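Visitor: Supplied in structure tokens, the structure appears directly below.
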Amino acid sequence: MTAVAASSLGFRHDTVSGGWLRALNRWTEILSAVVLAADVVVVFLSVVFRYFLHDPVDWAEEIARALMIVLVFFGAATVLARSQHVGIDLFRHLLPAHWQPALMQVSHWIIAGVAASLLLSSTLLLVDTYEQTTSIGLPQWLYVYPVVIGSLFMTLFGLANALNGPRRVVLGTLAACVLLMTAIFGWNALVPQHAIPSGLLLAAGFIGGLMLGVPIGFVLAFSALLYFLSDPSLPMLIYSQQVMAGTDHFVLLAIPFFVLAGLLMESNGMSSRLIELLLRIFGRVRGGLGLITITATAFFSGVSGSKLADIAAVGGIVMPAVRRTKQDPNEAAGLLACTAVMAETIPPCINMIIMGFVANISIAGLFMAGLVPAAVMALALGALAIIVGRKINPDDAFEKRTPLLKLLGGALVAIVMVGMIGKGVTSGVATSTEVSAFAVVYALVVGSLAFRELSARAMAQLFVRSASMAGSILFIVAAASSVSFALTIEQIPQLVSTAMISFAQQYGSVMFILLSVGIMIVFGAVLEGAPALIIFGPLLTPIAQQLGIHPLHFGTVMVIAMGLGLFAPPIGLGLFATCAITGTQVKDVARPMMKYLAVLLVTLIVLVLVPSFSLWLPNRLGL
């Protein structure tokens with residue numbers, strides 16, 4: 001059981017089509033990396049021209065957004081080619097074993113069908129908007145062509161995946177899918193007075209996709225597709241229009257930029273030097289390895305914004321030290337997963353950016369609101385780590401010792417980077433996207449000059465990896481946008497608002513927050529975190545504001561609750577990823593990590609009951 005639902009594409013080496021598809025994927029990866037680099041340059045230069053030369057570049061934001069759409073759909077295609085879109089296959093494995101090949105094959109057909117439908121819809125959108133221009137006179141097709149081409153590539157990779165199986169299973173599942181879709185939509189067309197409601201098809205597609213183990217982004221896109229197909233009043237082109245609209249926002253560029261900055265920091269040696277320095281200083285303290293894990297995760301969260309990138313950076317260095325000093329790797333992996341929950345609100349966290357974006361909350365305010373709660377959770381985890389931990393000999397933790405001057409230099413360069421990001425976000429001088437572009441350039445230039453550990457080839461691979469990670473994350477945001485559109489038509493926000501306000505009037509605003517926290521924990525586990533924020537953030541935040549709950553406080557505890565679900569056993573995808581990175585098993589890690597999860601849950605309840613933890617710093621800074 002893994003955190004990735006789809007199986008490997010496994011292009012056949014003995015076929016022309018397989019080789020051609022591998023080459024297409026490689027060139028798509030390269031193009032995605034080039035587009036990411038170009039986007040960094042555009043945003044960085046626009047900041048330089050605006051703030052230093054006092055000569056704003058009017059077209060920079062439009063070009064940056066157009067490049068981001070290329071990055072999202074091309075990056076998502078490369079992730080599909082490598083079968084690395086995240087999903088949950090736990091539910092599918094609860095069904096009989098002899099069903100598994102057919103169920104997996106059905107999930108492949110769903111992915112291919114969604115990609116082909118997105119291709120058709122985006123082509124219709126391209127024809128409809130071809131003569132239109134943007135607000136500054138750029139042609140509208142500049143935004144639509146990437147969706148068309150990216151969905152074409154996804155269709156090719158999806159079909160290759162679907163066809164790469166036993167002929168009997170491939171044809172049988174295809175026939176079953178076609179018959180089912182024909183029956184559903186034929187019934188709706190022939191018996192309109194008893195048609196299956198669009199909202200029911202939306203829910204069925206969502207639940208069915210999750211049960212089959214379809215990757216989360218395609219689950220969302222599939223459920224929305226069923227809704228659009230079942231409602232004849234909705235032109236098909238609106239489907240791709242809504243998917244594209246989910247990523248056509250300048251603020252979301254901060255996500256790939258911070259991911260890239262974190263990977264650069266990890267690869268050029270800054271992370272390893274800092275952790276080794278911490279081990280030398282605090283290694284002999286009781287529970288020293290645990291304290292270092294907590295500190296290092298908090299520190300790297302101040303750069304990358306991606307929890308999995310933080311876990312990879314910290315776990316890749318701490319876990320070998322754990323094994324060399326004969327500590328329990330399962331205990332260490334459990335604590336590492338819990339530190340990711342603790343660091344969810346440390347800026348520039350990706351999920352804070354998403355929460356601020358979808359719920360219309362100040363992202364700078366959320367960044368500051370999350371710092372004190374993160375510190376409280378870090379102290380709580382640190383106290384427990386000291387209680388249950390043991391002393392180690394730091395000399396046993398490393399095969400060879402790095403000279404102290406190099407360690408201090410690496411730590412200084414990293415600290416300056418974190419300080420630059422924090423100052424840029426809090427000062428209001430630049431947006432989070434602009435700060436993230438500066439962080440990339442700093443990590444690239446200063447890190448390379450200081451350590452010279454990145455070759456040109458390794459640097460290119462980092463851009464490819466970052467583009468793929470960003471494509472995977474932002475495709476989920478894009479797909480969730482189409483679901484949000486369907487939910488709005490179904491008036492689900494109004495229904496949820498009425499029910500939740502009634503609940504709050506009966507039990508109070510505190511119980512409303514606790515219920516919201518419970519919802520986020522459950523759906524954070526089921527939906528891989530970010531989609532839960534995208535769906536429930538805009539639904540619940542306006543209700544919280546009506547009840548007098550400060551949006552910064554509400555947004556902070558929602559993100560923490562989402563993180564708790566994401567890394568909690570038995571189905572939290574973050575925990576599966578942590579175990580994969582640390583070389584441990586979920587069944588072995590779950591038990592020792594329960595005490596850390598219990599501490600985090602108690603701390604979260606305290607944070608809910610005492611809003612001052614979230615609001616003190618934003619109030620001091622006037623945010």
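The values are calculated or read from the model by the stated rules, or taken from the named source; none is laboratory data. Predicted model only: the values in this text are computed from it and were never measured. As a convention, Cβ positions derive from the backbone with ideal geometry for all residues, glycine included, and neighbour counts pool all protein chains shown.
Visitor: For the stretch 463-477, indicate whether the set of residues that are surrounded by fewer than 18 Cβ atoms within 10 Å (Cβ to Cβ) and not polar (S, T, N, Q) is non-empty.
Guide: The answer is yes; a qualifying residue exists.
Visitor: Within the stretch 33-61, work out how many residues are surrounded by fewer than 19 Cβ atoms within 10 Å (Cβ to Cβ), charged (D, E, K, R) and either at pLDDT 85 or above or out of contact with any helix residue (DSSP H, G or I) (no Cβ under 6 Å at 6 or more places or on another chain) (or both).
Guide: 2
Visitor: Determine, yes or no, whether VAL517 is of a type in the set (A, V, I, L, M, F, W, C), touching a residue at least 12 places away in the same chain (Cβ under 8 Å), surrounded by fewer than 20 Cβ atoms within 10 Å (Cβ to Cβ) and touching a helix residue (DSSP H, G or I) at 6+ places or on another chain (Cβ under 9 Å).
Guide: The answer is no for VAL517.
Visitor: Let me ask another. Return the only residue of VAL477, VAL435, VAL445, VAL413 being in a helix (DSSP H, G or I), at pLDDT below 85 and within 30 Å of SER198 (Cα to Cα).
Guide: Only one candidate qualifies: VAL477.
Visitor: Let me ask something else about it. Go through the stretch 483-514 and give me each residue that's surrounded by fewer than 19 Cβ atoms within 10 Å (Cβ to Cβ) and under 30 Å from SER233 (Cα atoms).
Guide: Of everything in the stretch 483-514, those that are surrounded by fewer than 19 Cβ atoms within 10 Å (Cβ to Cβ) and under 30 Å from SER233 (Cα atoms) turn out to be THR488, ILE489, GLU490, GLN491, ILE492, PRO493, GLN494, LEU495, VAL496, SER497, THR498, ALA499.
Yes/no matrix, rows are residues, columns are (1) aliphatic (A, V, I, L, M); (2) closer than 25 Å to VAL322 by Cα:
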{"residue": "PHE250", "(1), (2)": "no, no"}
{"residue": "ILE255", "(1), (2)": "yes, no"}
{"residue": "SER267", "(1), (2)": "no, yes"}
{"residue": "SER271", "(1), (2)": "no, yes"}
{"residue": "LEU274", "(1), (2)": "yes, yes"}
{"residue": "ARG284", "(1), (2)": "no, yes"}
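Visitor: Another question about this same structure. Exactly one condition in (1) in contact with a helix residue (DSSP H, G or I) (Cβ under 9 Å, 6 or more places away or on another chain); (2) assigned to a loop (DSSP other than H, G, I, E, B); (3) surrounded by fewer than 21 Cβ atoms within 10 Å (Cβ to Cβ) is false for MET420; which is it?
Guide: Of (1) in contact with a helix residue (DSSP H, G or I) (Cβ under 9 Å, 6 or more places away or on another chain); (2) assigned to a loop (DSSP other than H, G, I, E, B); (3) surrounded by fewer than 21 Cβ atoms within 10 Å (Cβ to Cβ), only one is false for MET420: (2).
Visitor: Now a separate question. Which condition does VAL388 not pass, out of (1) at pLDDT 75 or above; (2) crowded, with 21+ Cβ neighbours inside 10 Å, if it passes all the others?
Guide: (2) is the only condition that VAL388 fails.
Visitor: Taking only pairs six or more apart or across chains, which ones have beta-carbon atoms under 8 Å, a first residue in the stretch 170-187 that is in the same structural domain as ILE111 (by TED's automatic domain parsing), and a second residue that is aliphatic (A, V, I, L, M) and not in a helix (DSSP H, G or I)?
Guide: ILE184/ILE196; TRP187/ALA195; TRP187/ILE196
Visitor: What do you reckon, is ASN330 in contact (Cβ under 8 Å) with a residue 12 or more places away in the chain, buried (at least 24 other Cβ atoms within 10 Å of the Cβ), in contact with an Asp or Glu (Cβ under 7 Å, 6 or more places away or on another chain) and not acidic (Asp, Glu)?
Guide: no
Visitor: From the list VAL517, VAL522, VAL526, pick out the single residue that is β-branched (Val, Ile, Thr), closer than 21 Å to LEU609 by Cα and at pLDDT below 90.
Guide: Only one candidate qualifies: VAL522.
Visitor: Let me ask you something else. Considering every residue within the stretch 313-324, establish whether at least one is assigned to a helix (DSSP H, G or I), within 16 Å of PHE567 (Cβ to Cβ) and of a type outside the set (D, E, K, R).
Guide: Within the stretch 313-324, one or more residues are assigned to a helix (DSSP H, G or I), within 16 Å of PHE567 (Cβ to Cβ) and of a type outside the set (D, E, K, R).
Visitor: So how many residues does the stretch 453-474 have that are under 12 Å from ALA77 (Cα atoms) and hydroxyl-bearing (Ser, Thr, Tyr)?
Guide: Looking only at that region, the number is 2.
Visitor: Also, I was wondering about something else. Can you list residue pairs whose Cβ atoms sit under 6 Å apart, with the first residue in the stretch 300-326 being under 13 Å from VAL418 (Cβ atoms) and the second being at pLDDT 75 or above and not in a helix (DSSP H, G or I)? Count only pairs 6 or more apart in sequence or on different chains.
Guide: SER301/ILE346; GLY302/ILE346; GLY305/PRO348; GLY305/CYS349
Visitor: Ok, one more. For the stretch 338-361: of the residues being β-branched (Val, Ile, Thr), in a helix (DSSP H, G or I) and under 29 Å from THR582 (Cα atoms), which is modelled with the lowest pLDDT?
Guide: Checking each candidate, the answer is ILE350.
Visitor: Could you please tell me which pairs satisfy a Cβ distance under 8 Å, a separation of 6+ or placement on different chains, a first residue in the stretch 117-144 that is on the phi < 0 side of the Ramachandran plot and not assigned by TED's automatic domain parsing to the domain that holds MET181, and a second residue that is of a type in the set (Ser, Thr, Tyr) and surrounded by fewer than 17 Cβ atoms within 10 Å (Cβ to Cβ)?
Guide: none
Visitor: Examine the stretch 121-144 for a residue that is under 30 Å from VAL70 (Cα atoms), surrounded by fewer than 21 Cβ atoms within 10 Å (Cβ to Cβ) and within 24 Å of the chain's Cα centre (by Cα), and state whether such a residue exists.
Guide: Within the stretch 121-144, not a single residue is under 30 Å from VAL70 (Cα atoms), surrounded by fewer than 21 Cβ atoms within 10 Å (Cβ to Cβ) and within 24 Å of the chain's Cα centre (by Cα).
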